[in-house]
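To start, the structure itself, in structure tokens.
The values are calculated or read from the model by the stated rules, or taken from the named source; none is laboratory data. These figures come from a predicted structure and were not determined experimentally. Every residue, glycine as well, gets a Cβ built from its backbone with ideal geometry; the counts of neighbours run over all protein chains shown. The protein model used for the area step is the full one, side chains on, heavy atoms only, and it has no ligands, DNA or RNA in it. Shrake-Rupley method; radii C 1.70, N 1.55, O 1.52, S 1.80 Å.
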Amino acid sequence: MLIQYEPGTSLLHRWDPLGKLTALMCIAVMAMLWEGTASHALLLLMCVLAARWGASMSWHRMYRGVKLIAAVALPYFILTAVTVPGETVWMQWGPLQLSAESVDQAGEMSLRMISLFLSSLTYIFTTDPQELVAEMVRRLRIPYRFAFGISAALTFLPLLEEEGAVIRSAQLVRGHLPPSGLKGRLSWWGKFIIAVLLNSLRRVQQTAGAMESKGFGAYDHRTFRKETIIPWWSLPLVILMLGLTIGSNWYV
Amino acid sequence: MICKHLSYCYEGESRLSLTDVNLHIESGQWTALIGASGSGKSTLCQLLNGYLPRSGGGVREGSLQVFGMDPAEAPLPEITMAAGVLFQDPDAQLVRGIVDDEVAFGPENMCVPPAELQRRITWALEVAGLAGLRSEPVRRLSGGQRQRTAMAAVLALQPRLFVFDDACASLDAAAQADFLQLCATLQGDGRTVVTASGRFDDAARAAGRVIVLDGGRVLLDGPPAELLRRCRGQLAELGLLPRPAGEAAAAVPPGPALVMVKSLDFTYPGGRRALEGAAFALRRGEWALLTGENGSGKTTLSRLLMGLLPAPKGAIWHQGRDIAGLPVHKIAGHFGYVFQQPEHMFTSQTVWEELIYGLHGGLPPARRPELTEDQRLRARQLLETAGLDARLEDSPYLLSRGERRLLGIISQLIVPKELYIMDEPTAGMDYRDIDRIISLCRDACRRGSALLMITHDPGILSPEASLHLHLEDGRLTSLPRQHACD
């Protein structure tokens, strides 16, 4: 499963969830404020380095993640590159044109998407949802019912991914041929998405009932089994990320 | 537990699932609720902790008191500490993703201090036989291991009343014996225990009292030995006791192997070894049972055969052809597969549409070829044998668990295949439904198809099978039939 927490001992695995969350927010702010393809290529490079050597994420996993978001980013790049007007025109086909400015804008947007996705994937990959909830409740004083909403989303993503894989297998076993052509693919994906949604709705309803059966929401507070260890370097790293974000914003 | 004139109707249904039930269960008793599929036992279990109607909706009438409180209206902390329910479907109650997080979830909600929490988790995992799997993601566990995880999660809550709804359905023989021991221990500690199942099984025999439900009403009530003495015929008629053995397995006609498995090894990404040197052959018309402990590799083997997991080269042969690398839809032209959870296979709005889906492969109504007379006849036969002929227009999701399983089976059998693979089709089924499955499978074998059935019920199915395969820690052995019957 791609989008899920994997236990590990990497640097980012050892970083406490809230410190890491601050860093993730900093990357998101930089991604939104920075301009130009070159600066976004630099940001993406930082994200790749953090994923590979900070989180020990395999190249294969990173490739699968990028492939997923590329399904949106690539069409967006092409559409933007040929439709946004620019002064330095390289090529022109009727109303469509390719210019230096449009390619720069298209590159900026597409790389931004990939950076945001990859940094989020790295966060999910290295963060135990239970620890995140515990930290949000203990340190940020967020009501645990609300904090569990976020955790449930992180827990549900791999479950839905698995559910999707099982349904896909079941459909193949039932004689669904692999889709061919645009119409076939749309029809196949339509059926697949409806089946996953129906099962997900059923699952969400069941889970809500199961949580209540185990006393979820019985009291205003709850205990947590896990105690998060905050490494000594967490705060300096957070300050560094904040400084980088503010400084780069000023520079940009 | 006291219920007076208790009735319940599920949301969107007009038929009552429980009708005028009157019961009184003393604290500290072990009571077994038994009944055929759709008899109302699961509904009663879910009423006991207020899941119904509080979360599941529907309308309850009459009164129900558990330790002096109404579960539907009692404050959540009180009812959670009073009654813990293990539901039929383990996947429906696993909410956290990692085994020990699942077990910790309930006590954490009940504000149990961390030191006590750790003690309870260790104890519950030990009792459920999961001590070595506490850090495993739930999705990597087998069906039986998920069942044990859900059980450990209820145990860790330590309520005064334990309700186990079909807890043994996916458990191997050793775990079933452990479960009986656990129930006895809990009762010995002064807890009240209610077990529910579709058969007059060992749990019912070990309980102090058995309540038989039929059509949502209490039909019989008394000590197990007395019921077995007085009402054996009636219990067999209801499908709660096995009928006398019928015809023996037909001899398999000699012929070449349809499927040949040679030195099959399989290791999951991450290094977990699931199979080691598995080898066997299946001929046309042969019925093979595949047994083994929870997590021994049964489902892995079946998924490799179906192409749902990548088979290594030269390990699985179908009529002399290596199936490694063949896409699932091509293998599905020859092999049928029934999943452990039939809901995963459902694609249609009605039972009839679901049944004939395999005949048109999902084409829209306008483009479907007309069903031939033979196909209609076959569909009617299958529906009749499965006892679903009166449910044609119902949604597959509204069927009882046994009916859903039967629909999943006949939806595969309607398309002629050379081999049908079934993953635990009899789990939690009453004997009447098992008889139906046996009848359907016998017919498939008579038509020349081979059958590979994963099961924890070898005692019931061995007389039917001509081959018994057993997996132990990923190693496959072939058992002689007599041993299998034992």
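With only the Cα atoms considered, segment A:1-117 has a convex hull volume of 104 Å³ per residue. Close amide H partners of B:ALA311, meaning residues 5 or more places away or on another chain with modelled amide H under 5 Å apart, are B:GLY325.
Give me the Kirkwood hydrodynamic radius of chain B in Å, from all C-alpha pairs, to one decimal place? Here the Kirkwood hydrodynamic radius works out to 23.7 Å. In loop segments of segment A:61-158 as defined by DSSP, the trypsin sites (Lys or Arg not before Pro) with at most 12 further C-beta atoms inside 10 Å of their C-beta are A:ARG141.
Other residues within the sphere of radius under 13 Å centred on the Cβ of A:TRP34, judged by their own Cβ, net out at -2 (K and R +1, D and E -1). Any idea what the relative contact order of chain B is, in percent, if you count C-alpha pairs under 8 Å spaced at least 6 apart? Computed value for chain B: 16 percent relative contact order. The simple Förster model, with R0 at 25 Å and r as the Cβ-Cβ distance, assigns B:ALA173 and B:HIS334 a FRET efficiency of 0.15. According to the calculation over all Cα-Cα pairs in the protein assembly as shown, the P(r) per 10 Å bin from zero is 3, 13, 21, 23, 20, 12, 6, 2, 0, 0 %. Computed with a 1.4 angstrom probe on protein heavy atoms, the B-A interface buries about 4600 square angstrom of accessible area in total. Per residue, segment B:250-375 exposes 45 Å² of accessible surface when a 1.4 Å probe is rolled over the protein heavy atoms with every protein chain present. Once the 1.4 Å probe is applied to the protein heavy atoms, segment B:75-201 comes out at 29 Å² accessible per residue. Taking A:LEU74, A:LEU44, A:LEU154 in turn, the Gaussian network model of chain A (Cα-Cα springs below 10 Å) assigns the largest fluctuation to A:LEU74. Summarising the amide proton neighbourhood of B:LEU86: residues at separation of 5 or more, or on other chains, whose placed amide H is nearer than 5 Å comprise B:VAL163, B:PHE164, B:ASP165. What you get for the protein assembly as shown, charging only the Cβ of Lys and Arg (+1) and of Asp and Glu (-1), is a dipole of about 1040 debye around the Cα centre. For segment B:257-485, rounded, prolate or oblate, judged on the Cα gyration tensor with a ≥ b ≥ c (square roots of eigenvalues), a/c < 1.5 rounded, else prolate if a/b > b/c? The shape class here is prolate.
Comparing Cα centroids, segment A:93-170 and segment B:181-228 end up 49 angstrom apart. Listed cross-link partners A:LYS20/A:LYS67; A:LYS226/B:LYS298; B:LYS298/B:LYS330 are compared with a 31 Å cut-off, the Cα-Cα value being larger for A:LYS226/B:LYS298. Comparing A:SER58, A:SER169, A:SER180 in a Gaussian network model of chain A (Cα springs below 10 Å), the most mobile by mean-square fluctuation is A:SER180. Between B:TYR397 and B:GLU370, the simple spin-label model (points 7 angstrom out along Cα→Cβ) gives 3.4 nm. The heavy atoms of A:ILE239 present about 100 square angstrom of accessible area, all protein chains included, probe 1.4 Å. Surface exposure of chain A, expressed per residue as accessible area with a 1.4 Å probe, stands at 52 Å². The helix-only estimate of mean residue ellipticity at 222 nm for chain B, built from DSSP H runs of length n ≥ 4 each weighted as -39500 (n - 2.57), is -10000 deg cm²/dmol after division by the residue total. Placing unit charges on the Cβ atoms of the charged side chains and taking the dipole of segment A:168-221 about its Cα centre, the candidate lying farthest along the positive direction among A:GLN205, A:SER187, A:ALA218 is A:SER187.
Considering only beta bridges that DSSP places wholly inside segment B:2-237, some 45 percent are antiparallel.
Within segment B:144-276, DSSP assigns beta bridges of which about 60% are antiparallel (rounded to the nearest 5). Normalised by the number of residues in segment B:257-485, the mean separation of alpha-carbon contacts (under 8 Å, six or more apart) gives a relative contact order of 30 percent.
Largest mean-square fluctuation among A:THR223, A:THR127, A:THR22, in a Gaussian network model of chain A whose springs join Cα atoms under 10 Å apart, belongs to A:THR223. For segment B:169-252, the list of GluC sites (Glu not before Pro) that fall in a loop by DSSP and count at most 13 other C-beta atoms within 10 angstrom reads B:GLU247.
Of all DSSP beta bridges confined to the protein assembly as shown, the antiparallel ones make up roughly 50%. Scanning chain B for trypsin sites (Lys or Arg not before Pro) in DSSP loops with at most 10 neighbouring Cβ atoms within 10 Å leaves B:16-312 as the longest stretch between them.
Charges were assigned to the Cβ only: +1 to each Lys and Arg, -1 to each Asp and Glu. The resulting dipole of segment B:2-237 about its Cα centre is roughly 300 debye. Share of carbon and sulfur in the accessible area of chain B stands at 50%, probe radius 1.4 Å.
A straight Cα-to-Cα reach below 20 Å connects B:LYS262 with the aspartates and glutamates B:GLU276, B:GLU286, B:ASP322, B:GLU418, B:GLU472, B:ASP473, residues fewer than 8 places away in its own chain not being considered.
At the residue level, A:MET109 shows approximately 50 square angstrom of accessible surface with a 1.4 angstrom probe and all protein chains present. Straight Cα distances below 19 angstrom link B:LYS4 to the lysines B:LYS41, with same-chain residues fewer than 8 positions distant left out.
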